[in-house]
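Remarks on the structure that follows.
The values are calculated or read from the model by the stated rules, or taken from the named source; none is laboratory data. Quantities reported herein were computed from a predicted structural model and do not represent experimental measurements. Here the Cβ positions follow ideal geometry from the backbone for every residue, glycine too, while neighbour counts run over all protein chains shown. These accessible areas exclude ligands, DNA and RNA; they are computed on the full protein's heavy atoms, side chains included. Shrake-Rupley method; radii C 1.70, N 1.55, O 1.52, S 1.80 Å.
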Amino acid sequence: MTAVGGTAAAERRKGLFAAWEPGSPHTRDRLVPVARTGARGFRVTGFLRIGLHSPEQAADHLAFLRDAAGVGLRVSWRGSLDGIPDDPFHHLDPPRDESGKAAWPVPARPLLTLRRGPGSSWSRTAGTAL
């Protein structure tokens with residue numbers, strides 16, 4: 001009976017996504033505590049059209065995706081990258097269109113690698129430990 005309860009708790013925890021308002025500060029000091037709660041990531045509110053028409057918004061949102069992945073959090077968001085090549089961002093969580101289809105294959109886990117110094121042989125995949 002305990003194993004069933006433990007499995008149910010693990011499944012509930014895996015489904016936890018906190019709401020995130022676009023443009024909210026996304027410093028490591030704000031993201032790490034969320035990761036430590038057991039949340040899987042964030043669900044961004046609204047539909048974002050990220051593009052060259054608003055480079056500040058594009059840079060901020062892409063930095064948020066990078067920072068969240070850096071602490072092992074996923075980001076579920078609806079939107080599009082208008083006029084921005086998406087190849088450099090395939091290691092991050094993709095936007096989904098109105099029907100829910102991802103713009104590129106969703107990575108199995110955030111794929112950022114942390115390194116210490118240029119040419120360092122030490123590295124670890126983000127999200128394995130905080």
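Exactly one residue out of G79, G72, G119, G127 is at pLDDT 90 or above and either farther than 14 Å from R40 by Cα or not in a strand (DSSP E or B) (or both): that is G79. Of all residues in the stretch 44-65, those satisfying the criterion of being of a type in the set (V, I, T) and more than 18 Å from S99 (Cβ to Cβ) are T45, I50. Inside the stretch 30-69, residues that are among the small types (G, A, S), assigned to a helix (DSSP H, G or I) and open to solvent by less than 30 Å² (accessible area, probe 1.4 Å) make up a count of 5.
Here's the yes/no breakdown for (1) over 17 Å from W20 (Cα atoms); (2) among the small types (G, A, S):
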residue: V34; (1), (2): no, no
residue: F42; (1), (2): no, no
residue: L48; (1), (2): no, no
residue: G51; (1), (2): yes, yes
residue: A59; (1), (2): no, yes
residue: V71; (1), (2): no, no
residue: G83; (1), (2): yes, yes
residue: D87; (1), (2): yes, no
residue: P94; (1), (2): no, no
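Of all residues in the stretch 15-27, none satisfies being exposed (fewer than 12 other Cβ atoms within 10 Å of the Cβ) and either among the basic types (K, R) or modelled with pLDDT under 50 (or both).
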